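Accompanying notes for the structure given below.
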Amino acid sequence: MIEVKIDPRILEACPETRIGLISATVVNRPTCDELWAEIENAAEEIKQRYELLEINQRPAIAATSHLYKSLGKDPSRYRVSSEALCRRIIRGLGIYRLTTLIDVVNLVSIKSGYAISGLDGDRIEGNTLTMSVGTADDVYNGIGRGLLNIEGMPVYRDAAGPIATPTSDEERTKFTEETVRAQININAFAPEMPLEDAVEWMATLLRKYADGANVETSIISF
């Protein structure tokens, strides 16, 4: 299991921070109908439960937004990934059907409210991830977004640089159809769905839909 360290500035702003870690060997294929049906059911629940302006009040999203503000980032311009997903659903824009690993992460994120980092474990440099604060000097290519200004965002760094934020993961370590080792970090800056349940559900989904094997899980409290 990878080691995770965290910048004290993040804990000062969000002292309840916990991180759920899941790693597994996987097969990343196009999303099957059964998984997509689970996602559609989750999306319908969001539509029925929330108005658009209520989404940022979900505890997990609100805590992540508070962290952004504390670090000097505007969360209304750089939305938390779970908030962005739910907003698309409520606005009737839908979400894209992609690959199993991406859609498993999206499913848990929609239901839990947590921003989740889904990383290709073989593309992570070194055995340690450090969650620190983005700077103006960071060069960061968000998936599908191009260059992303991560100054003031919480960001995971490996030995080669920044690879994940609660807004978007980085191109270098993204899931592809060639991914055979997944590293998934569930970022809980405040509790919503019990983190233990989110971690176990993620592990179950990987086993069910991605032929997940050698599954390891842990929860880090600071």
Do you know which residues across the range 6-35 are open to solvent by less than 10 Å² (accessible area, probe 1.4 Å), β-branched (Val, Ile, Thr) and within 20 Å of Val133 (Cα to Cα)? Ile10, Thr17, Ile19
Counting only residues that are surrounded by fewer than 13 Cβ atoms within 10 Å (Cβ to Cβ) and among the small types (Gly, Ala, Ser), the range 42-87 contains a total of 2
Residues of the range 150-172 being in contact (Cβ under 8 Å) with a residue 40 or more places away in the chain and surrounded by fewer than 20 Cβ atoms within 10 Å (Cβ to Cβ), which ones? Glu151, Gly152, Arg172
Residue match in the range 25-34 (condition: assigned to a helix (DSSP H, G or I), within 22 Å of Ser168 (Cα to Cα) and out of contact with any Asp or Glu (no Cβ under 7 Å at 6 or more places or on another chain)): no
In the range 111-147, how many residues are part of a loop (DSSP other than H, G, I, E, B), under 17 Å from the mean Cα position of the chain (by Cα) and among the small types (Gly, Ala, Ser)? 3
Please name all residue pairs, on different chains or six or more residues apart, with Cβ atoms under 7 Å, provided the first residue is in the range 1-24 and is touching a residue at least 12 places away in the same chain (Cβ under 8 Å) and among the polar types (S, T, N, Q) and the second residue is open to solvent by 50 Å² or more (accessible area, probe 1.4 Å) and part of a loop (DSSP other than H, G, I, E, B). Thr17/Phe222; Ser23/Met1
What number of residues within the range 96-122 satisfy the criterion of being surrounded by fewer than 19 Cβ atoms within 10 Å (Cβ to Cβ) and touching a residue at least 40 places away in the same chain (Cβ under 8 Å)? 5
Answer with yes or no whether Val139 is in contact (Cβ under 8 Å) with a residue 40 or more places away in the chain and either out of contact with any Phe, Trp or Tyr (no Cβ under 7 Å at 6 or more places or on another chain) or more than 23 Å from Thr25 (Cα to Cα) (or both). no
Pick out the one residue from Arg97, Arg79 that is assigned to a loop (DSSP other than H, G, I, E, B), over 16 Å from Tyr50 (Cβ atoms) and not polar (S, T, N, Q). Arg97
In the range 173-218, which residue that is within 15 Å of the chain's Cα centre (by Cα) and β-branched (Val, Ile, Thr) is surrounded by the most Cβ atoms within 10 Å (Cβ to Cβ)? Ile186
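Conditions (1) among the hydroxyl-bearing types (Ser, Thr, Tyr); (2) assigned to a helix (DSSP H, G or I); (3) more than 18 Å from Gly20 (Cβ to Cβ), marked per residue:
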| position | (1), (2), (3) |
| --- | --- |
| Glu45 | no, yes, yes |
| Glu54 | no, yes, yes |
| Ala62 | no, yes, yes |
| Tyr68 | yes, yes, yes |
| Glu83 | no, yes, yes |
| Cys86 | no, yes, yes |
| Asn106 | no, yes, no |
| Ser109 | yes, yes, no |
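The values are calculated or read from the model by the stated rules, or taken from the named source; none is laboratory data. Everything numeric in this text was worked out from a predicted model, so none of it was measured. Virtual Cβ from ideal backbone geometry, glycine too; neighbours counted across all protein chains shown. Just the protein is used for accessible areas: all its heavy atoms, side chains included, with ligands, DNA and RNA removed. Shrake-Rupley method; radii C 1.70, N 1.55, O 1.52, S 1.80 Å.
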